[in-house]
Amino acid sequence: MAYASALHCRECGNEYPIAPIHVCEWCFGPLEITYDYDAIGDAISREKIKDGPLTMWRYADLLPVNGENAVDIGTGMTPLLKADNLGRELGIDNLWIKNDAVNPTYSFKDRVVSVAATKALEFGFDTLACASTGNLAGAVAAHGAKANMRTLVFIPSDLERGKVVGAAIYGPTVVAVDGNYDDVNRLCSELADANESWAFVNINMRPYYSEGSKTLGYEVVEQLGWKAPDHAVVPIASGSLFTKIWKGMNEFATLGLIDDVRTKMHGAQADGCSPVAQAFADEQLHVKPVVPDTIAKSLAIGNPADAYYTLKIAQQAEGSTVGSTPDPAIVEGIQMLAQTEGIFTETAGGVVISNLKKLAEAGRFEKGESVVAFITGNGLKTVEAVQHLANPVNINATVSSFEESVDVESAVGSKSTSS
Ligand SMILES: *Cc1c(COP(=O)(O)O)cnc(C)c1O
Ligand SMILES: [Zn+2]
């Protein structure tokens, strides 16, 4: 809070005091936090960060809240793993996996909600709410429980079981809306207008909430030895995560913690919901909304709120791309990551790995260049997408039944990633 001095409109620059608002009254542009970077520069250093907590709150100076009162369930400082097996398979010699699926509710959404819940308490709200594509519901429900807030989560009614249960267990009111995420979001915008005492993390709290995603960028830079990667492969739903990883890395450069950022940003979508990839291919900055139809439900936003800013970065950061892949390749990507690196990701991670493969095949990565693939959610939440691959051999509890039925040779050391 000390360093977040105001809000400003990303379009017309109009300033607003820190408040639970998200759109400009003049031009309806989105609001963004104004920081006092000179003061942050005086306060921050690599050493101070290194001595901080082993959570995302080590970067509290760059978040728009008072970190001392954080609603913290242990989010962040997730592993950045060298992925030599997957790299060999794809022909990438310096590949890293940022495994953000190991956060407390098993997705990167804990980062944004930890900030939003903290800010909601600062503002004096007693109700925490969200419009969710799935993972956000779990994160909001868990943080609402920790913060002793009344909690309401709105989800599309066709969501995966793992995500419904993974939210319901924390005791929120779960509202399943007949419709897709874009319908849920529209309903929630209306409810947010009508209920001013509710903190909707991704509506009226959005300027604060979205800043939490910057910590993924900070962490990767710190974990690479204070260096931005040459390439980042990032899943896109609303586009917020993509823009904030870029923003976070560039803030570190602004503050003199690292050299200039030359990262090539690669956005990843599913063919069945690829409005940003389509606009990028057409060299447009505005998307044509689509009706999503893909197994990657956590990324199924047909009219992404931050598409414009995502496309601006992708078009301006030289060598960047936004692409998409079909559902079967997404399943193959899930399988490939699991069988090479021992990491089970959800469909959004399958989108990232399948797009990574496509980029490698297109020769986008030079020898030695560091490539970071962002894995943002856990596979046990989307078992529906891969359960057809689980076919145990059934036997009687006898040695002879085992010997008759089980072909051990073909299983041991089997490196095949095909089904
Ligand atoms: C929400 C989500 C994203 C992307 O979110 P943005 O809306 O683009 O910020 C990526 N992966 C997973 C697993 C998600 O739940
Ligand atoms: Zn404005």
### Task
Could you list all residues from segment 108-137 that are within 20 Å of ASP182 (Cβ to Cβ) and either of a type outside the set (Lys, Arg) or more than 16 Å from the chain's Cα centre (by Cα) (or both)?
VAL112, ALA129, CYS130, ALA131, SER132, THR133, GLY134, ASN135, LEU136, ALA137
### Message
Tally up the residues in segment 328-369 that are small (Gly, Ala, Ser), within 16 Å of ASN94 (Cα to Cα) and in a loop (DSSP other than H, G, I, E, B), please.
### Response
2
### Message
Quick check on LEU54: is it more than 16 Å from ligand 2 (Cβ to nearest atom), within 23 Å of LEU216 (Cα to Cα) and open to solvent by less than 40 Å² (accessible area, probe 1.4 Å)?
### Response
no
### Message
Considering only segment 107-116, I want to know if a residue exists there that is within 13 Å of ligand 1 (Cβ to nearest atom) and within 30 Å of LYS367 (Cα to Cα).
### Response
yes
### Query
Which of the residues belonging to segment 133-151 are at pLDDT 95 or above, among the small types (Gly, Ala, Ser) and within 13 Å of ligand 1 (Cβ to nearest atom)?
ALA137, GLY138, ALA139
### Query
If you scan segment 350-395, which residues turn out to be open to solvent by less than 70 Å² (accessible area, probe 1.4 Å), out of contact with any strand residue (DSSP E or B) (no Cβ under 7 Å at 6 or more places or on another chain) and within 16 Å of ligand 1 (Cβ to nearest atom)?
GLY350, LYS381, THR382, VAL383, ALA385, VAL386
### Count of residues meeting criterion [farther than 13 Å from ILE330 by Cβ and touching a Gly at 6+ places or on another chain (Cβ under 6 Å)] in segment 294-312
4
### Query
When segment 259-274 is examined, which residues are found to be open to solvent by 10 Å² or more (accessible area, probe 1.4 Å) and of a type in the set (A, V, I, L, M, F, W, C)?
VAL261
### Task
Mind telling me which of the residues ALA232, ALA253 ends up being open to solvent by 10 Å² or more (accessible area, probe 1.4 Å), more than 16 Å from ligand 2 (Cβ to nearest atom) and among the aliphatic types (A, V, I, L, M)?
ALA253
## Note on the structure
Residues in segment 253-290 that are closer than 20 Å to THR325 by Cα, among the acidic types (Asp, Glu) and in contact with a helix residue (DSSP H, G or I) (Cβ under 9 Å, 6 or more places away or on another chain) total 2
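Going through segment 1-51 one residue at a time, which ones are within 11 Å of ligand 2 (Cβ to nearest atom), of a type in the set (A, V, I, L, M, F, W, C) and more than 25 Å from the chain's Cα centre (by Cα)? Explain how you work it out, then say what you get.
The initial filter retains those residues of segment 1-51 that are within 11 Å of ligand 2 (Cβ to nearest atom), namely 7-16, 23-32.
Okay, now just the ones that are also of a type in the set (A, V, I, L, M, F, W, C), so 7, 9, 12, 23-24, 26-28, 31.
The answer is CYS12, CYS24, TRP26, CYS27, PHE28.
Quickly run through segment 90-104 and pick out the residues that are over 12 Å from LEU80 (Cβ atoms) and within 10 Å of ligand 1 (Cβ to nearest atom). Break it down stepwise before answering.
First, the residues of segment 90-104 that are over 12 Å from LEU80 (Cβ atoms): 90-94, 101, 103-104.
The answer is ALA101, and nothing else.
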### Query
Among ALA329, ALA317, ALA338, which is over 16 Å from the mean Cα position of the chain (by Cα), in contact (Cβ under 8 Å) with a residue 12 or more places away in the chain and within 30 Å of VAL23 (Cβ to Cβ)?
ALA317
## Note on the structure
Looking across segment 294-327 at residues that are of a type in the set (A, V, I, L, M, F, W, C) and not in a helix (DSSP H, G or I), the single one that is surrounded by the most Cβ atoms within 10 Å (Cβ to Cβ) is ALA296
### Residues that are open to solvent by less than 20 Å² (accessible area, probe 1.4 Å) and either under 17 Å from the mean Cα position of the chain (by Cα) or within 14 Å of ligand 1 (Cβ to nearest atom) (or both), drawn from segment 275-293
PRO275, VAL276, ALA277
### Message
Condition check: within 16 Å of ligand 1 (Cβ to nearest atom) and touching a strand residue (DSSP E or B) at 6+ places or on another chain (Cβ under 7 Å). Does HIS22 satisfy that?
### Response
yes
### Message
Would you confirm, using the coordinates I've provided, whether TRP57 is part of a strand (DSSP E or B), under 25 Å from the mean Cα position of the chain (by Cα) and within 22 Å of ALA253 (Cα to Cα)?
### Response
no
### Query
In this structure, is PHE123 over 30 Å from GLN335 (Cα atoms), more than 16 Å from ligand 2 (Cβ to nearest atom), out of contact with any Asp or Glu (no Cβ under 7 Å at 6 or more places or on another chain) and among the aromatic types (Phe, Trp, Tyr)?
yes
### Task
Working only within segment 120-131, note down all residues that are free of Cβ contacts under 8 Å to residues at least 60 places away in the same chain and in contact with a helix residue (DSSP H, G or I) (Cβ under 9 Å, 6 or more places away or on another chain).
LEU121
### Message
Condition first: open to solvent by less than 80 Å² (accessible area, probe 1.4 Å), away from ligand 1 (no atom under 16 Å from the Cβ) and at pLDDT below 95. Can you find one or more residues in segment 5-16 that meet it?
### Response
yes
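The values are calculated or read from the model by the stated rules, or taken from the named source; none is laboratory data. From a predicted model like this one, the values you see are computed outputs, not experimental measurements. Glycine also receives a Cβ, built like all others from the backbone with ideal geometry; neighbour counts cover every protein chain displayed. For the accessible areas, the whole protein counts, side chains as well, though only heavy atoms, and no ligand, DNA or RNA atoms are used. Shrake-Rupley method; radii C 1.70, N 1.55, O 1.52, S 1.80 Å.
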